[in-house]
Structures are given as structure tokens and as C-alpha cells.
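Data block below; observations after.
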Amino acid sequence: MRLQAAGVKLGYGDRIVVDDLDLGIEAGTVTTIIGPNGCGKSTLLRALGRLLKPHGGEVLLDGKRIDKIPTREVAKILGVLPQAPTAPEGLTVADLVARGRHPHQTWYRQWSSDDEQAVATALDMTGLADLAERPLDELSGGQRQRAWISMALAQGTDLLLLDEPTTFLDLAHQVEVLELVRHLHQEAGRTVVMVLHDLNLAARYADRLVAMRAGKVIAAGTPHEVLTEELLGDVFELDAKVIEDPVAGTPLVIPIRPRSHAGAQKT
């Protein structure tokens, strides 16, 4: 396994959000974590990215405890894009992407031609080379997300953790960002772990889905294995029909009604 959670217990202060959870991320896959609000998806992703220390259990990166690996070395392997990242006003796309090179620099090794090439490559891969000198706050939502992904790519990592990368984007920009993720996976061999709310986009763009509820993994497998009508009822408390997506051939969820509403109608 490229990245693994082994019996992790996660929380904030005395409040436990995830308890005794096991999860393995295989190299060369796109894994998407789904589940209702408050189930621990983002908390788990933060722990996988070493942004949150487990109360118990351990996170393993390439078979080694991630908390025992120097921070700079982790940053060369693993890139994390949190929810709604922010940047200083007026920062250009190129300046933002260049920040991804910080893990590779020391007091005796400053900016180099390797750094320059890494930034240029990241901008090219995300289609932002022509916008390099534009301020980040002048870009569309989809372009800004691509810029943040570019920064993670400039780190030189082959493992990307993306926490709700399509939040606040309209549907066209959501697809734009996810098409970029697919390209990075298929053409550049990146291993990607994402948190997404849209089940149909998750099914279309992921190799594997992990469904969580109340801090537990309820199901993990291919989209066809996970997105069943029974699971949608158990995990999301949703009555739904699952059909085949006529474009992608992946599961397509047609919501009918929340279970709570159905129960209210019967009484």
C-alpha cells in the first residue's frame, strides 16, 4: 500500500470523530472518499496528509510511520490541497506555484534551474502557462483550483490529497478540475485521494470509492461495488435509484427522497 491508516483514532480535543479505522490506498489509483456531512472524511484526509496527529493507531507512507519521516521529506512525496485554500492578495499564479518548491530548498540551495523547470512543467500540465503572471484573485474558480493543484505538482510529489477540490465551483468548472485530476492520474501516473460530495462525479472519476459514516468505513471498492441502492440507504439515509451513466458507464444515482421524509409520510 502506498498510504495506509491502521487503527487510527482521530479527533479534536476530547471529541473523537474517527475511531479504529483501517484504510489502504493503492499506488496508481484515484480513490474518492464519500459520505454524509460530519462523517469524518476531511478529518481522515488531514491525518493521511500528516496535518492531524492521530490519538491512536498510525498512518504509514510507503510502509513507514508518517510521523517518523522528516517533514521536508514528506513534502517531497505527498502534496495536500485543503478545502478553500487562501493566498495573499495580489499573489500571481507563478508566485503561488513557486511556493511548491520550498521543500526542495535549503540555506545552501536556493532557487535553481531545476526549480524553474518544475514550475514551468506544473503550469504546462495544468494549462496555466499563459496565465502565469496574472494575480490569483483575477482568475475564475476553476482556474484558481488548477493553480493550487499546480503548486502541489511543483513540489514534485506523485501522491496528491485533495479535500473537496470542486467546492464552490459551478458544474462546468467542477468537470474541468476533475478532468485535470484524471489527466494527472492517467498521463503522469499520480496517485490521488479526494474527498467529494457529488456521488455521480465521484463514480465517474474514481477507480475506488470509500464510503464513510459516523467515523467508520462502511464500504470500499469500485464504484459499481460501492454505489448500491442499499448502501445509499444505509450511509446517506436516501431512497434512490442507481442506473448506468449513459456516457461513462459508471453508476448514476437518481435521488428519490430522504429516508426521514419517507418515514414522516408514512406516519
Problem - Farthest positive-ward along segment 1-106 dipole, Cα basis, beta-carbon charges - from THR92, PRO82, TYR12 - result: THR92
Handout entry: Two-site label geometry, ASP62 and ASP207: point separation in nm, points 7 Å out along Cα→Cβ
Key = 1.8
Fill in the blank from the handout: Residue separation between THR222 and ASP124 times 0.36 nm, minus their alpha-carbon distance, gives in nm 32.2 nm
Practice task
Arrange the residues LYS216, LYS68 by how much accessible surface each exposes, largest first, with a 1.4 angstrom probe.
Solution key: LYS68, LYS216
Exercise for the section: Decide, for segment 31-161, between rounded, prolate and oblate: order the square roots of the alpha carbon gyration tensor eigenvalues as a ≥ b ≥ c, take rounded if a/c falls under 1.5, and otherwise choose prolate if a/b is larger than b/c, else oblate. Expected result: oblate
Fill in the blank from the handout: Any aspartates and glutamates whose Cα falls less than 16 Å from that of LYS241, other than same-chain ones fewer than 8 residues away, would be ASP198, GLU225, GLU229, GLU230
Problem - Segment THR86-VAL247, length gained on full extension (0.36 nm per residue, minus Cα span) - result: 54.4 nm
Problem - Amide proton proximity set for ALA132, modelled H, under 5 Å, gap of 5+ - result: none
Fill in the blank from the handout: Heavy-atom accessible area of the chain with neighbours in place, 1.4 angstrom probe: carbon+sulfur share in percent works out to 49
Completion exercise
FRET efficiency for ARG259 and SER113 from the Cβ-Cβ distance with R0 = 45 Å, rounded to 0.05, comes out at 0.15
Handout entry: Convex hull of the chain built on C-alpha atoms - directionally averaged projected area, nm²
Key = 16.2
Practice task
Multiply the residue separation of HIS197 and ARG99 by 0.36 nm, subtract the distance between their alpha-carbon atoms, and state the gained length in nm to one decimal.
Solution key: 32.4 nm
Problem - Per residue solvent-accessible surface (Å²) - the chain, probe of 1.4 Å - result: 48
Fill in the blank from the handout: Sorted on mean Cβ neighbours within 10 Å (highest first), peptides 146-154, 248-256, 45-53 come out as 146-154, 45-53, 248-256
Exercise for the section: Would you please give the FRET efficiency between GLU26 and ALA6, computed as 1/(1 + (r/R0)^6) with r the Cβ-Cβ distance and R0 = 22 Å, to the nearest 0.05? Expected result: 0.90
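The values are calculated or read from the model by the stated rules, or taken from the named source; none is laboratory data. Because the structure is predicted, anything quoted here is derived from the model rather than measured. Every residue, glycine among them, receives a Cβ derived from its backbone with ideal geometry; neighbour counts consider all protein chains shown. These area figures cover heavy atoms from the full protein model, side chains too; ligands, DNA and RNA do not enter into them. Shrake-Rupley method; radii C 1.70, N 1.55, O 1.52, S 1.80 Å.
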